[in-house]
Structure formats: structure tokens, C-alpha cells
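Shown next, in C-alpha cells, is the structure this report addresses.
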């Protein structure tokens, strides 16, 4: 997915870590890891802010950042694929960054049959911001 984001020219245009390199085994038969930009964060995801004053203050900003990122991904025919609050992290300026593309999901946010689809992405974003975090910030 990071290669597709790079080939689509989205690096530096959306809030995802930029891919710099793919680490492969000596025989080049196995991918070992990815070298990505470090997101200057406190290590917090939206899970960390599910019931805090901070969530109330930044809710609209985080929703806009996630929505803008998903729109750009979908415009370039890329699905996020693993939408849940743990995969939205905040940088030190409290901007929301999307991480972890594909390879799984949490059924609470995206039904298994919609995992890694555009429909599933929107369903997950809606669940996070219109139900999950919104309900917790109004308590």
C-alpha cells in the first residue's frame, strides 16, 4: 500500500508516513520490513483519547484529517483497509495520521466482509467519529 501511495504521488500530500525503503532478506525473497518516516507523536492513538477533554477539543480536526486522507486514497483507488481508532495516531501538534494499511480489521469498526474495501473504510471512519469517539466525548 505504501508503494501505491508513493506511485500515486500522495507522499507529503496526506497524513501518512512516507515510505523510504523496503528491507528485504539477503536473497531478496522475503520482505522483512519497511523504512517509514517517523511520525513525531506522543505515541497516542485515538484509543488513548476515547473519553478525554482533548478528544472533545480536537474531534472535528481529527475527523477532517482522517476523512481527507481516505478521500485521497480512494480517489487513487487505494483502500486503507484496517480502519479502527488504534490506527489513527496524533502527532505532537495533535494532527491525526492514518497508519497500518490492510492486513486485518476489527469487526467492531468494519465488518469482515467489508475489510480492505472503500465501503469498509467509510463505514469504519463513520463508526469511529460518528458513534465511538463522539459518544465518548459527550459523556
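Residues checked against (1) surrounded by 21 or more Cβ atoms within 10 Å (Cβ to Cβ); (2) within 14 Å of residue 123 (Cβ to Cβ):
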residue	(1), (2)
69	yes, no
74	no, yes
80	yes, yes
83	yes, yes
93	no, no
96	yes, no
99	no, no
107	no, yes
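Could you tell me whether residue 119 is without any contact (Cβ under 8 Å) to a residue 12 or more places away in the chain and either part of a strand (DSSP E or B) or surrounded by fewer than 21 Cβ atoms within 10 Å (Cβ to Cβ) (or both)? Please lay out each step first, then the result.
On the way: without any contact (Cβ under 8 Å) to a residue 12 or more places away in the chain: yes; either part of a strand (DSSP E or B) or surrounded by fewer than 21 Cβ atoms within 10 Å (Cβ to Cβ) (or both): yes.
Spelling it out, residue 119 is indeed without any contact (Cβ under 8 Å) to a residue 12 or more places away in the chain and either part of a strand (DSSP E or B) or surrounded by fewer than 21 Cβ atoms within 10 Å (Cβ to Cβ) (or both).
Could you grab me the full set of residues in the stretch 22-67 that are surrounded by 13 or more Cβ atoms within 10 Å (Cβ to Cβ), touching a residue at least 40 places away in the same chain (Cβ under 8 Å) and within 25 Å of residue 6 (Cβ to Cβ)?
Hits for the stretch 22-67 are 39, 41, 45, 62, 65, 66, 67.
From 28, 55, which residue is more than 16 Å from the chain's Cα centre (by Cα) and farther than 27 Å from residue 107 by Cβ?
Matching residue, one of 28, 55: 28.
If residue 33 satisfies all but one of (1) touching a helix residue (DSSP H, G or I) at 6+ places or on another chain (Cβ under 7 Å); (2) outside any loop (DSSP other than H, G, I, E, B), what's the number of the condition it fails?
All conditions are met except number (1).
Assigned to a loop (DSSP other than H, G, I, E, B) and at negative phi: does that describe residue 101?
Spelling it out, residue 101 is indeed assigned to a loop (DSSP other than H, G, I, E, B) and at negative phi.
Please go through the stretch 68-81 and give me each residue that is part of a loop (DSSP other than H, G, I, E, B) and without any contact (Cβ under 8 Å) to a residue 24 or more places away in the chain, ordered by number.
77
Values in this text are rule-based calculations from the coordinates and carry no lab data. Only a predicted model underlies this, so the values are computations on that prediction, with no experimental measurement involved. Every residue, glycine among them, receives a Cβ derived from its backbone with ideal geometry; neighbour counts consider all protein chains shown.
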